[in-house]
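S.K.: Can you read through this structure? Questions will come right after.
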Amino acid sequence: MGGETLSLRLDLLSLVRNMPSNPEKSENKMDQDRRKSRRIRKHFILSYFEKEYPDRRYELTQLKNISHGGMCFITSQKFNLGIKLGIELKTPYVAETTYLEGVVMESHEKVRNVIYETRLKFEFLDPQGEFLVAKLIEFFVNGENGSHA
């Protein structure tokens, strides 16, 4: 990836991180009560790819939140419902990259033709993925009050 592309991508991530959240979306009390899994908001870096096209990788994007059931993250394109994605998640808590995979539940535009917010339901979590997700949620729910959604 060229220097200009990396710089643009990092600028976009900074823009998304500072965007105000929409309290009328999934932030309200009714949606929180409906969730099956506790969700935490953390901005870890990840890369992703369509399972059908594993050679086409999308680099350096940002996780918005994660739970045992799935995750929400920023993408550079809109994905259709049902598309299977592979995720390579990097956290400061595990030395190696953790692989996750799931199915797109929603992908909607945040910044016209540039940034999309994509919700993914986990389809398969290998033991390492299951362990990482469980430990992240346990750490941030029990270790940092106010970190969860």
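The values are calculated or read from the model by the stated rules, or taken from the named source; none is laboratory data. Fair warning: this is a prediction, and the values are worked out from it, not measured in the lab. Using ideal geometry, Cβ is built from the backbone for each residue, glycine included, and neighbour counts are taken over all protein chains shown.
For (1) in contact with a Ser or Thr (Cβ under 7 Å, 6 or more places away or on another chain); (2) modelled with pLDDT under 85; (3) assigned to a helix (DSSP H, G or I), each residue gets a yes or a no:
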| site | (1), (2), (3) |
| --- | --- |
| LEU85 | no, no, no |
| GLU88 | yes, no, no |
| TYR93 | no, yes, no |
| VAL103 | no, no, no |
| LYS110 | no, no, no |
| TYR116 | yes, no, no |
| GLU123 | no, no, no |
| ASN142 | no, yes, yes |
| GLY146 | no, yes, no |
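S.K.: Please state which one of SER37, SER26 is buried (at least 17 other Cβ atoms within 10 Å of the Cβ), part of a loop (DSSP other than H, G, I, E, B), modelled with pLDDT under 90 and not basic (Lys, Arg). Break it down into steps so the answer makes sense when it comes.
M.R.: Details: SER37 fails: buried (at least 17 other Cβ atoms within 10 Å of the Cβ).
Testing whether each residue is buried (at least 17 other Cβ atoms within 10 Å of the Cβ), part of a loop (DSSP other than H, G, I, E, B), modelled with pLDDT under 90 and not basic (Lys, Arg) leaves just SER26.
S.K.: Next up: Taking the condition of being of a type outside the set (A, V, I, L, M, F, W, C) and either closer than 21 Å to TYR93 by Cα or surrounded by fewer than 16 Cβ atoms within 10 Å (Cβ to Cβ) (or both), how many residues in segment 111-130 meet it?
M.R.: The initial filter retains those residues of segment 111-130 that are of a type outside the set (A, V, I, L, M, F, W, C), namely 112-113, 116-119, 121, 123, 126-130.
Applying the additional criterion that residues be either closer than 21 Å to TYR93 by Cα or surrounded by fewer than 16 Cβ atoms within 10 Å (Cβ to Cβ) (or both) yields 112-113, 121, 123, 126-130.
Final tally of qualifying residues: 9.
S.K.: Another question about this same structure. Restricting to segment 40-74, name every residue that is among the hydroxyl-bearing types (Ser, Thr, Tyr) and within 16 Å of GLY129 (Cα to Cα).
M.R.: Initial filter on segment 40-74 (among the hydroxyl-bearing types (Ser, Thr, Tyr)): 47-48, 53, 58, 61, 67.
Answer for segment 40-74, where residues must be among the hydroxyl-bearing types (Ser, Thr, Tyr) and within 16 Å of GLY129 (Cα to Cα): SER47, TYR48, SER67.
S.K.: When residues of segment 40-58 are filtered for being surrounded by 12 or more Cβ atoms within 10 Å (Cβ to Cβ), at pLDDT 85 or above and out of contact with any Ser or Thr (no Cβ under 8 Å at 6 or more places or on another chain), how many remain?
M.R.: 3
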